[in-house]
Amino acid sequence: MVERAFTLLDGPAHGPSEIAEVTGLSVTAVYRILQSGIPSMYFVQLPGRKYRLGPGAAKIGMQAMVHTPGTETSHPLLEQLSSALDAMAMLWVISPYGGPRRVLADYAPGRYDLDALGLTADQLVAVGGSLRVGPSGRVIAAHLPDPLVDSVLTDAVPAGAGPGVLGEADDFLASLPEIRDAGYSLGREEIAGWGEVAAPVLWGDAVYGAISSLKPSSLLKDTGGAIKRTVAAADRFSLLVSSGGLPHLIG
C-alpha cells in the first residue's frame with residue numbers, strides 16, 4: 001500500500017502523513033515501513049521528513065522488465081499484423097525518462113517505412129516519443145495513474161503533429177475513459193496523411209505499452225477490421241508479457 005501511494009500522489013517525494021492519508025494506515029505504521037526500506041534503498045529519505053522511491057525500487061523494476069519478451073517474440077506478431085492489414089505495425093513501450101513517454105521497441109514496416117511518415121528526424125523523435133500524439137499515445141495515457149496523466153499534459157504537442165491531433169487538454173482527457181472502455185483508440189491525420197489504430201499492452205493492471213497499425217488515411221477504410229486485428233495482437237502480446245503462454249499468431 002505504501003509503495004502504491006507513490007504512484008497515486010503528485011510529485012516525487014512525500015511525507016508519512018501524506019502517504020497515511022492515501023493508504024488509510026497510521027502515520028506511525030507508514031513511518032516504520034519507510035524506514036525499513038532505507039537500508040535496501042527502496043526508499044530514500046530527503047530533508048524535511050520526506051521520502052521518495054530510490055534506486056532499489058528502480059533495480060527491481062528493471063529486473064522485471066528484463067524478463068519480458070523481446071523482439072524475437074514481438075516481431076513475428078507484428079509481421080503478421082502488418083501483412084493482414086497491409087499496414088505498418090508497431091510495438092511501443094512506455095519509458096519513464098523525463099516523464100511518461102513511449103519508445104518504439106519493434107516494428108514491421110510492410111510496404112512502408114519510417115521515411116514514409118514524412119517527418120524529419122527531429123520531428124520523428126519528438127512526435128514518436130510524445131503521448132500527446134496519436135492513438136498509441138492515448139491508449140498508454142489512458143492506463144496511467146492520474147498524476148502521470150497530468151505530467152503528460154504539461155508537455156506541448158510537438159512540432160510535426162498533424163491537424164487531427166487532440167491539442168486541447170480537455171479533449172485529450174475526455175478521450176481516456178472512452179479508450180479504457182473500448183479497449184482501443186482510432187485517429188486520423190495526427191501524423192499528416194496517416195490513420196492509426198492502437199490497443200494497449202497490459203501487464204496486470206500496469207500499462208506496458210501499445211501495439212498500433214498505421215496506414216495512409218485514404219487507404220484505411222476497413223476500420224472495423226483494423227481495430228479487431230490490432231486489439232487481438234495487443235491482447236496476445238499482453239498474455240506473453242504476463243507469462244500467460246504463447247498465443248496463436250494472427251491467421
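The values are calculated or read from the model by the stated rules, or taken from the named source; none is laboratory data. As the structure is a prediction and not an experimental result, all values here were calculated from the model. Here the Cβ positions follow ideal geometry from the backbone for every residue, glycine too, while neighbour counts run over all protein chains shown. Remember, those area values only see protein heavy atoms, side chains included, never the ligands or the DNA or RNA. Shrake-Rupley method; radii C 1.70, N 1.55, O 1.52, S 1.80 Å.
List of remarks:
- Between the stretch 24-88 and the stretch 100-157, the Cα center-to-center distance that results, in Å: 20 Å
- Model label zone, Gln35; criterion: amide N under 17 Å from point 7 Å along Cα-to-beta-carbon; scope the stretch 49-65: 49-52
- Cα-based reach from Lys50 at 26 Å (exclusive), listing lysines while leaving out same-chain residues under 8 positions away: Lys59
- The stretch 12-94 - accessible surface per residue (Å², probe 1.4 Å): 54 Å²
- Along the stretch 103-114 the Karplus relation, 6.51 cos²θ - 1.76 cosθ + 1.60 evaluated at θ = phi - 60°, assigns HN-Hα couplings of 10, 6, 8, 6, 7, 10, x, x, 8, 10, 7, 4 Hz to successive residues, with x for each Gly and Pro.
- Exposure rule at most 15 other beta-carbon atoms within 10 Å, DSSP loop trypsin sites (Lys or Arg not before Pro): the chain longest free segment: 112-220
- For the stretch 17-80, the fraction of 1.4 Å probe accessible surface lying on carbon and sulfur atoms is 60 percent.
- Extension gain, Asp122 to Ala58, is 20.1 nm, computed as 0.36 nm per intervening residue step minus the present C-alpha separation.
- Signed unit charges on C-beta, dipole axis of the chain, positive-most listed residue Gly99, Gln45, Leu220: Gln45
- Rounded to the nearest 20 debye, the dipole magnitude of the chain is 620 debye, with +1 charges on Lys and Arg beta carbons, -1 on Asp and Glu beta carbons, and the Cα centre as origin.
- A 1.4 Å probe run over the stretch 116-210, with the rest of the protein chains in place, finds 41 Å² accessible per residue.
- Percent accessible area from carbon and sulfur atoms, the stretch 137-251, protein chains only, probe 1.4 Å: 55 percent
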